[in-house]
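For reference, the structure discussed in these notes is given below.
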Amino acid sequence: MALLLALVGFAAVVAVYSTLVSVVVEGIHKIFALRSAGMSEMLRSFYDQKLADLQPSDTPIELAAPTTTRHHISSPQSRDFARRMTRRTASENLRPWYIRRWPIIGAILSSRLQRMSTLQFIERLAETPEGKALAGHDRSRLRRALTAAAYDFERLGEAQTAYFRSRANMVSVLAGIAVAFFVNLDAITLYKELAANQTLSARLAVMDDVQRVALVQGNASEGQSLTPGEVFASPEFSSVRADFLDMGVPVGRSMFPYCDVSVDVDGSDNAYRDARCSTDALTLSRLIGNIPTTVMWLLGVLLAGGLLGLGAPFWFRLFARGAAIVAPMARLTLTSPPPGTSSPKAEVTATVPADRLGAVRKPLDLRPAELERAYLTVLGRGTEVELDDETGSPVQPSQPPPGRIVGTLPPEVAPKNTV
(Lines give C-alpha, C1' and ligand atoms only; values in the text may rest on other atoms or scores of the structure.)
Protein backbone atom coordinates (compact mmCIF):
# COMPACT_ATOMS: atom_id res chain seq x y z
CA MET A 1 0.00 0.00 0.00
CA ALA A 2 2.93 2.32 0.67
CA LEU A 3 4.15 1.88 -2.91
CA LEU A 4 0.67 2.73 -4.21
CA LEU A 5 0.64 5.84 -2.04
CA ALA A 6 4.02 6.83 -3.49
CA LEU A 7 2.67 6.25 -7.01
CA VAL A 8 -0.28 8.57 -6.39
CA GLY A 9 2.05 11.27 -5.08
CA PHE A 10 4.30 10.74 -8.09
CA ALA A 11 1.29 11.14 -10.41
CA ALA A 12 0.37 14.43 -8.70
CA VAL A 13 3.83 15.91 -9.34
CA VAL A 14 4.06 14.68 -12.93
CA ALA A 15 0.51 15.88 -13.69
CA VAL A 16 1.44 19.42 -12.69
CA TYR A 17 4.53 19.60 -14.90
CA SER A 18 2.88 17.73 -17.79
CA THR A 19 0.52 20.73 -17.95
CA LEU A 20 3.43 22.75 -19.30
CA VAL A 21 4.15 20.05 -21.86
CA SER A 22 0.56 20.25 -23.14
CA VAL A 23 0.89 24.01 -23.56
CA VAL A 24 4.23 23.67 -25.38
CA VAL A 25 2.82 21.08 -27.78
CA GLU A 26 -0.25 23.21 -28.45
CA GLY A 27 2.01 26.19 -29.15
CA ILE A 28 4.08 24.15 -31.61
CA HIS A 29 0.92 23.09 -33.43
CA LYS A 30 -0.21 26.69 -33.74
CA ILE A 31 3.14 28.22 -34.69
CA PHE A 32 3.80 25.70 -37.47
CA ALA A 33 0.08 25.33 -38.39
CA LEU A 34 0.31 21.55 -38.25
CA ARG A 35 -3.43 20.94 -38.13
CA SER A 36 -4.23 23.09 -41.17
CA ALA A 37 -1.22 21.59 -42.97
CA GLY A 38 -2.64 18.13 -42.40
CA MET A 39 -6.00 19.20 -43.80
CA SER A 40 -4.33 20.69 -46.88
CA GLU A 41 -2.30 17.53 -47.44
CA MET A 42 -5.44 15.41 -47.32
CA LEU A 43 -7.23 17.65 -49.84
CA ARG A 44 -4.23 17.60 -52.19
CA SER A 45 -4.26 13.81 -52.12
CA PHE A 46 -7.98 13.77 -52.91
CA TYR A 47 -7.47 16.15 -55.85
CA ASP A 48 -4.54 14.27 -57.39
CA GLN A 49 -5.75 10.72 -56.82
CA LYS A 50 -9.58 10.74 -56.80
CA LEU A 51 -11.20 13.81 -58.30
CA ALA A 52 -10.32 13.00 -61.93
CA ASP A 53 -12.11 9.63 -61.68
CA LEU A 54 -15.29 11.33 -60.45
CA GLN A 55 -15.55 14.00 -63.16
CA PRO A 56 -17.55 13.42 -66.38
CA SER A 57 -15.62 12.28 -69.43
CA ASP A 58 -16.55 15.46 -71.34
CA THR A 59 -15.19 17.83 -68.67
CA PRO A 60 -13.41 20.84 -70.26
CA ILE A 61 -9.64 20.61 -70.08
CA GLU A 62 -9.34 23.76 -67.97
CA LEU A 63 -11.62 22.24 -65.30
CA ALA A 64 -10.34 18.65 -65.40
CA ALA A 65 -8.23 17.36 -62.53
CA PRO A 66 -4.89 15.72 -63.48
CA THR A 67 -5.22 12.03 -64.30
CA THR A 68 -1.60 10.98 -63.74
CA THR A 69 0.76 12.29 -61.13
CA ARG A 70 3.42 10.93 -58.82
CA HIS A 71 1.84 10.24 -55.43
CA HIS A 72 4.76 11.60 -53.44
CA ILE A 73 4.69 14.99 -55.20
CA SER A 74 1.54 17.09 -55.25
CA SER A 75 0.63 19.02 -58.38
CA PRO A 76 0.45 22.85 -58.42
CA GLN A 77 -3.27 22.58 -59.20
CA SER A 78 -3.86 20.51 -56.07
CA ARG A 79 -2.14 23.08 -53.86
CA ASP A 80 -4.37 25.81 -55.27
CA PHE A 81 -7.40 23.53 -54.79
CA ALA A 82 -6.48 22.95 -51.13
CA ARG A 83 -6.06 26.69 -50.51
CA ARG A 84 -9.48 27.42 -51.97
CA MET A 85 -11.13 24.62 -50.00
CA THR A 86 -9.64 25.71 -46.64
CA ARG A 87 -9.87 29.48 -47.11
CA ARG A 88 -12.01 31.18 -44.52
CA THR A 89 -14.50 33.89 -45.36
CA ALA A 90 -14.03 37.47 -44.16
CA SER A 91 -16.47 36.97 -41.29
CA GLU A 92 -14.65 33.81 -40.17
CA ASN A 93 -11.25 35.52 -40.24
CA LEU A 94 -12.44 38.36 -37.98
CA ARG A 95 -9.74 40.57 -39.48
CA PRO A 96 -10.00 43.65 -41.72
CA TRP A 97 -10.35 42.52 -45.31
CA TYR A 98 -7.71 44.90 -46.66
CA ILE A 99 -4.96 43.39 -44.48
CA ARG A 100 -5.51 40.00 -46.12
CA ARG A 101 -4.75 41.60 -49.52
CA TRP A 102 -1.23 42.67 -48.54
CA PRO A 103 1.39 40.43 -50.21
CA ILE A 104 3.38 39.15 -47.21
CA ILE A 105 1.48 40.26 -44.11
CA GLY A 106 -1.77 38.95 -45.57
CA ALA A 107 -0.24 35.48 -45.99
CA ILE A 108 1.03 35.50 -42.41
CA LEU A 109 -2.24 36.64 -40.87
CA SER A 110 -4.53 34.55 -43.05
CA SER A 111 -6.08 31.54 -41.34
CA ARG A 112 -7.16 28.19 -42.75
CA LEU A 113 -9.75 25.65 -41.74
CA GLN A 114 -8.34 23.00 -39.43
CA ARG A 115 -11.43 20.81 -39.28
CA MET A 116 -14.09 20.09 -41.88
CA SER A 117 -17.12 17.83 -41.74
CA THR A 118 -18.17 15.69 -44.68
CA LEU A 119 -21.12 17.95 -45.43
CA GLN A 120 -18.88 21.03 -45.36
CA PHE A 121 -16.50 19.27 -47.73
CA ILE A 122 -19.27 18.63 -50.27
CA GLU A 123 -20.51 22.22 -50.01
CA ARG A 124 -17.04 23.68 -50.51
CA LEU A 125 -16.38 21.24 -53.35
CA ALA A 126 -19.41 22.66 -55.18
CA GLU A 127 -17.87 26.14 -54.92
CA THR A 128 -14.71 25.13 -56.82
CA PRO A 129 -14.54 24.99 -60.65
CA GLU A 130 -13.41 21.35 -60.53
CA GLY A 131 -16.29 20.47 -58.24
CA LYS A 132 -18.85 22.28 -60.38
CA ALA A 133 -17.83 20.05 -63.28
CA LEU A 134 -19.47 17.13 -61.48
CA ALA A 135 -22.83 18.70 -62.31
CA GLY A 136 -22.35 17.40 -65.86
CA HIS A 137 -23.48 13.96 -64.64
CA ASP A 138 -27.10 12.92 -64.65
CA ARG A 139 -28.84 12.69 -61.31
CA SER A 140 -28.03 9.04 -60.56
CA ARG A 141 -24.35 9.35 -61.53
CA LEU A 142 -24.03 12.61 -59.63
CA ARG A 143 -25.28 10.92 -56.48
CA ARG A 144 -22.80 8.07 -56.92
CA ALA A 145 -19.95 10.54 -57.54
CA LEU A 146 -20.76 12.56 -54.43
CA THR A 147 -21.03 9.38 -52.34
CA ALA A 148 -17.61 8.25 -53.59
CA ALA A 149 -16.15 11.70 -52.87
CA ALA A 150 -17.50 11.64 -49.31
CA TYR A 151 -16.14 8.12 -48.78
CA ASP A 152 -12.67 9.06 -50.04
CA PHE A 153 -12.69 12.21 -47.89
CA GLU A 154 -13.44 10.22 -44.74
CA ARG A 155 -10.95 7.47 -45.65
CA LEU A 156 -8.14 9.97 -46.25
CA GLY A 157 -9.21 11.79 -43.09
CA GLU A 158 -8.82 8.65 -40.99
CA ALA A 159 -5.31 8.09 -42.35
CA GLN A 160 -4.38 11.73 -41.74
CA THR A 161 -5.76 11.57 -38.18
CA ALA A 162 -3.65 8.50 -37.39
CA TYR A 163 -0.54 10.21 -38.77
CA PHE A 164 -1.28 13.41 -36.84
CA ARG A 165 -1.65 11.50 -33.56
CA SER A 166 1.61 9.62 -34.03
CA ARG A 167 3.42 12.88 -34.81
CA ALA A 168 1.79 14.62 -31.82
CA ASN A 169 2.99 11.79 -29.55
CA MET A 170 6.56 12.22 -30.81
CA VAL A 171 6.39 16.00 -30.31
CA SER A 172 5.00 15.45 -26.79
CA VAL A 173 7.89 13.18 -25.83
CA LEU A 174 10.48 15.66 -27.15
CA ALA A 175 8.74 18.53 -25.36
CA GLY A 176 8.56 16.42 -22.19
CA ILE A 177 12.31 15.82 -22.24
CA ALA A 178 12.95 19.54 -22.71
CA VAL A 179 10.63 20.43 -19.81
CA ALA A 180 12.20 17.77 -17.58
CA PHE A 181 15.65 19.28 -18.15
CA PHE A 182 14.28 22.79 -17.68
CA VAL A 183 12.61 22.12 -14.31
CA ASN A 184 15.21 19.46 -13.32
CA LEU A 185 12.71 16.64 -12.75
CA ASP A 186 14.50 13.38 -11.92
CA ALA A 187 11.88 10.59 -11.95
CA ILE A 188 14.12 8.04 -10.20
CA THR A 189 15.05 10.32 -7.30
CA LEU A 190 11.48 11.58 -7.00
CA TYR A 191 9.94 8.13 -6.66
CA LYS A 192 12.64 6.94 -4.23
CA GLU A 193 11.95 9.90 -1.95
CA LEU A 194 8.18 9.41 -2.11
CA ALA A 195 8.49 5.69 -1.36
CA ALA A 196 10.68 6.43 1.67
CA ASN A 197 8.64 9.42 2.93
CA GLN A 198 5.02 8.35 3.39
CA THR A 199 4.08 11.68 4.97
CA LEU A 200 5.10 13.54 1.83
CA SER A 201 3.26 11.04 -0.38
CA ALA A 202 0.12 11.37 1.74
CA ARG A 203 0.16 15.17 1.52
CA LEU A 204 0.46 14.97 -2.25
CA ALA A 205 -2.38 12.42 -2.45
CA VAL A 206 -4.85 14.82 -0.79
CA MET A 207 -3.48 17.99 -2.34
CA ASP A 208 -6.21 20.40 -3.46
CA ASP A 209 -3.82 22.57 -5.49
CA VAL A 210 -3.51 19.85 -8.13
CA GLN A 211 -7.17 20.37 -8.91
CA ARG A 212 -6.58 24.08 -9.49
CA VAL A 213 -3.78 23.36 -11.96
CA ALA A 214 -6.22 21.19 -13.93
CA LEU A 215 -8.00 24.43 -14.82
CA VAL A 216 -4.85 25.80 -16.47
CA GLN A 217 -4.37 22.59 -18.42
CA GLY A 218 -8.01 22.68 -19.51
CA ASN A 219 -7.75 26.24 -20.77
CA ALA A 220 -4.67 25.34 -22.81
CA SER A 221 -6.39 22.35 -24.42
CA GLU A 222 -9.48 24.41 -25.23
CA GLY A 223 -7.40 26.35 -27.74
CA GLN A 224 -6.53 29.49 -25.80
CA SER A 225 -3.14 30.96 -26.66
CA LEU A 226 -1.31 30.28 -23.39
CA THR A 227 2.45 30.51 -23.65
CA PRO A 228 4.73 28.54 -21.31
CA GLY A 229 5.63 31.78 -19.53
CA GLU A 230 1.96 32.52 -18.89
CA VAL A 231 1.44 29.08 -17.40
CA PHE A 232 4.41 29.49 -15.05
CA ALA A 233 3.16 32.97 -14.09
CA SER A 234 -0.42 31.82 -13.47
CA PRO A 235 -1.58 31.88 -9.81
CA GLU A 236 -2.51 28.19 -9.92
CA PHE A 237 0.87 27.00 -11.14
CA SER A 238 2.82 29.38 -8.90
CA SER A 239 0.87 28.17 -5.88
CA VAL A 240 1.62 24.53 -6.62
CA ARG A 241 5.32 25.18 -7.21
CA ALA A 242 5.55 27.02 -3.89
CA ASP A 243 3.74 24.17 -2.15
CA PHE A 244 6.12 21.65 -3.70
CA LEU A 245 9.13 23.53 -2.33
CA ASP A 246 7.51 23.94 1.07
CA MET A 247 6.61 20.25 1.31
CA GLY A 248 10.08 19.15 0.24
CA VAL A 249 9.32 17.60 -3.15
CA PRO A 250 12.71 16.80 -4.75
CA VAL A 251 12.25 18.86 -7.91
CA GLY A 252 13.92 22.06 -9.05
CA ARG A 253 17.21 23.91 -9.09
CA SER A 254 18.11 22.89 -5.53
CA MET A 255 18.61 19.32 -6.77
CA PHE A 256 21.68 17.76 -8.37
CA PRO A 257 23.50 18.95 -10.45
CA TYR A 258 22.62 22.63 -9.84
CA CYS A 259 22.45 22.46 -6.02
CA ASP A 260 21.22 26.04 -5.73
CA VAL A 261 20.47 26.41 -2.00
CA SER A 262 19.06 29.90 -2.52
CA VAL A 263 15.79 28.44 -3.83
CA ASP A 264 15.03 26.67 -0.54
CA VAL A 265 12.13 28.02 1.46
CA ASP A 266 13.41 30.11 4.34
CA GLY A 267 12.62 28.65 7.72
CA SER A 268 11.05 25.48 6.32
CA ASP A 269 12.06 22.23 7.92
CA ASN A 270 10.60 20.29 4.98
CA ALA A 271 12.89 21.78 2.32
CA TYR A 272 14.64 18.90 0.57
CA ARG A 273 18.44 18.79 0.75
CA ASP A 274 19.96 16.63 -1.95
CA ALA A 275 22.69 14.39 -0.57
CA ARG A 276 24.31 14.25 -4.00
CA CYS A 277 25.19 17.94 -3.84
CA SER A 278 28.86 18.49 -3.03
CA THR A 279 30.82 21.57 -2.16
CA ASP A 280 31.92 22.12 -5.75
CA ALA A 281 31.04 25.62 -6.84
CA LEU A 282 30.54 24.79 -10.52
CA THR A 283 27.82 22.55 -11.90
CA LEU A 284 30.22 21.17 -14.51
CA SER A 285 32.55 20.00 -11.74
CA ARG A 286 29.76 17.99 -10.14
CA LEU A 287 28.83 16.37 -13.43
CA ILE A 288 32.40 15.35 -14.31
CA GLY A 289 33.52 14.53 -10.79
CA ASN A 290 30.91 11.81 -10.17
CA ILE A 291 30.17 9.94 -13.38
CA PRO A 292 27.83 7.24 -11.91
CA THR A 293 25.67 9.88 -10.22
CA THR A 294 25.58 11.91 -13.42
CA VAL A 295 24.52 8.89 -15.48
CA MET A 296 21.70 8.04 -13.04
CA TRP A 297 20.55 11.68 -13.04
CA LEU A 298 20.55 11.74 -16.84
CA LEU A 299 18.54 8.50 -17.00
CA GLY A 300 16.08 9.87 -14.44
CA VAL A 301 15.52 13.09 -16.40
CA LEU A 302 15.06 11.22 -19.70
CA LEU A 303 12.59 8.87 -18.00
CA ALA A 304 10.72 11.85 -16.59
CA GLY A 305 10.58 13.41 -20.06
CA GLY A 306 9.02 10.27 -21.51
CA LEU A 307 6.45 10.16 -18.69
CA LEU A 308 5.61 13.84 -19.17
CA GLY A 309 5.04 13.13 -22.85
CA LEU A 310 2.04 10.94 -21.94
CA GLY A 311 0.08 14.15 -21.41
CA ALA A 312 -1.61 15.92 -18.53
CA PRO A 313 -5.03 14.24 -19.00
CA PHE A 314 -3.47 10.81 -18.49
CA TRP A 315 -1.76 11.80 -15.23
CA PHE A 316 -4.76 13.70 -13.88
CA ARG A 317 -6.96 10.64 -14.42
CA LEU A 318 -4.36 8.39 -12.79
CA PHE A 319 -4.11 10.75 -9.83
CA ALA A 320 -7.90 10.94 -9.43
CA ARG A 321 -8.39 7.18 -9.46
CA GLY A 322 -5.42 6.46 -7.24
CA ALA A 323 -6.31 9.18 -4.73
CA ALA A 324 -9.79 7.70 -4.32
CA ILE A 325 -8.18 4.39 -3.28
CA VAL A 326 -5.43 5.64 -0.95
CA ALA A 327 -7.36 8.57 0.58
CA PRO A 328 -8.22 6.68 3.83
CA MET A 329 -4.60 5.63 4.29
CA ALA A 330 -3.37 9.14 3.50
CA ARG A 331 -5.67 10.65 6.11
CA LEU A 332 -4.46 8.16 8.71
CA THR A 333 -0.87 9.07 7.88
CA LEU A 334 -1.66 12.75 8.26
CA THR A 335 -2.96 12.59 11.82
CA SER A 336 -2.21 16.25 12.36
CA PRO A 337 -2.33 18.26 9.12
CA PRO A 338 -0.09 21.36 9.06
CA PRO A 339 -1.91 24.66 9.74
CA GLY A 340 -3.02 26.66 6.76
CA THR A 341 -3.50 23.69 4.45
CA SER A 342 -6.82 23.01 2.77
CA SER A 343 -9.06 20.13 3.71
CA PRO A 344 -8.22 16.76 2.12
CA LYS A 345 -9.97 16.01 -1.09
CA ALA A 346 -9.48 12.84 -3.06
CA GLU A 347 -11.57 13.38 -6.16
CA VAL A 348 -9.92 15.24 -9.04
CA THR A 349 -11.47 15.23 -12.47
CA ALA A 350 -9.63 15.95 -15.69
CA THR A 351 -11.51 18.58 -17.66
CA VAL A 352 -10.21 17.84 -21.17
CA PRO A 353 -10.59 14.73 -23.40
CA ALA A 354 -7.36 12.81 -23.99
CA ASP A 355 -7.53 12.77 -27.78
CA ARG A 356 -8.15 16.51 -28.31
CA LEU A 357 -4.76 17.24 -30.27
CA GLY A 358 -5.33 14.56 -32.70
CA ALA A 359 -8.70 15.64 -34.02
CA VAL A 360 -8.63 16.66 -37.68
CA ARG A 361 -12.32 16.27 -38.51
CA LYS A 362 -15.51 14.63 -37.25
CA PRO A 363 -16.85 12.11 -39.76
CA LEU A 364 -20.58 12.11 -40.42
CA ASP A 365 -22.83 9.30 -41.56
CA LEU A 366 -24.71 11.07 -44.35
CA ARG A 367 -27.09 9.63 -46.90
CA PRO A 368 -26.38 10.21 -50.60
CA ALA A 369 -29.53 12.35 -50.83
CA GLU A 370 -28.15 14.71 -48.18
CA LEU A 371 -24.84 15.04 -50.02
CA GLU A 372 -26.67 15.71 -53.27
CA ARG A 373 -28.94 18.26 -51.67
CA ALA A 374 -25.98 20.16 -50.19
CA TYR A 375 -24.12 20.11 -53.51
CA LEU A 376 -27.08 21.31 -55.59
CA THR A 377 -28.02 23.94 -53.04
CA VAL A 378 -24.61 25.58 -53.42
CA LEU A 379 -25.05 25.53 -57.20
CA GLY A 380 -28.48 27.09 -56.88
CA ARG A 381 -30.28 23.95 -58.05
CA GLY A 382 -31.69 22.78 -54.76
CA THR A 383 -35.29 22.76 -56.04
CA GLU A 384 -34.74 20.03 -58.66
CA VAL A 385 -36.61 16.73 -58.46
CA GLU A 386 -35.23 14.39 -55.81
CA LEU A 387 -34.68 10.67 -56.51
CA ASP A 388 -35.59 7.95 -54.05
CA ASP A 389 -32.56 6.24 -52.44
CA GLU A 390 -33.87 2.69 -53.00
CA THR A 391 -35.96 2.75 -56.18
CA GLY A 392 -34.33 5.66 -58.03
CA SER A 393 -37.73 6.95 -59.11
CA PRO A 394 -38.62 10.64 -58.75
CA VAL A 395 -40.06 11.60 -55.40
CA GLN A 396 -43.29 13.57 -55.67
CA PRO A 397 -42.84 16.77 -53.68
CA SER A 398 -45.41 17.33 -51.00
CA GLN A 399 -47.68 20.35 -51.34
CA PRO A 400 -46.34 23.26 -49.29
CA PRO A 401 -48.64 24.73 -46.67
CA PRO A 402 -50.67 27.77 -47.74
CA GLY A 403 -48.85 31.04 -47.49
CA ARG A 404 -45.36 29.47 -47.58
CA ILE A 405 -44.75 30.22 -51.28
CA VAL A 406 -42.96 33.50 -51.91
CA GLY A 407 -45.27 36.13 -53.38
CA THR A 408 -48.52 34.57 -52.19
CA LEU A 409 -50.69 35.37 -49.25
CA PRO A 410 -52.27 32.87 -46.88
CA PRO A 411 -55.97 32.18 -47.54
CA GLU A 412 -58.47 34.17 -45.60
CA VAL A 413 -59.94 32.31 -42.70
CA ALA A 414 -63.66 32.71 -42.26
CA PRO A 415 -64.51 34.20 -38.89
CA LYS A 416 -66.05 31.86 -36.38
CA ASN A 417 -69.72 32.26 -35.68
CA THR A 418 -70.15 34.05 -32.44
CA VAL A 419 -73.29 34.00 -30.42
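The values are calculated or read from the model by the stated rules, or taken from the named source; none is laboratory data. Keep in mind it's a predicted model, so treat the numbers as computed, not measured. Every residue, glycine as well, gets a Cβ built from its backbone with ideal geometry; the counts of neighbours run over all protein chains shown. Note: accessible area is taken over every heavy atom of the protein model, side chains too, but ligands, DNA and RNA are not part of it. Shrake-Rupley method; radii C 1.70, N 1.55, O 1.52, S 1.80 Å.
Structure summary
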{"quantity": "Pairwise label distance in nanometres, MET1 with GLU62, each label 7 Å out on the Cα-Cβ vector", "calculated": "8.2 nm"}
{"quantity": "In nm, spacing of pseudo-spin labels at PHE181 and LEU332 (7 Å Cα→C-beta vector)", "calculated": "4.5 nm"}
{"quantity": "Distance between modelled label sites at ILE288 and ARG115, nm, 7 Å Cα→Cβ extension", "calculated": "5.4 nm"}
{"quantity": "FRET efficiency for GLU127 and ASP53, using Cβ-Cβ distance with R0 set to 25 Å, rounded to 0.05", "calculated": "0.75"}
{"quantity": "Solvent-accessible area per residue for segment 22-87 (1.4 angstrom probe, square angstrom)", "calculated": "52 Å²"}
{"quantity": "Contour excess over end-to-end distance, with Cα ends at ARG139 and MET296 and 0.36 nm allotted per residue", "calculated": "49.5 nm"}
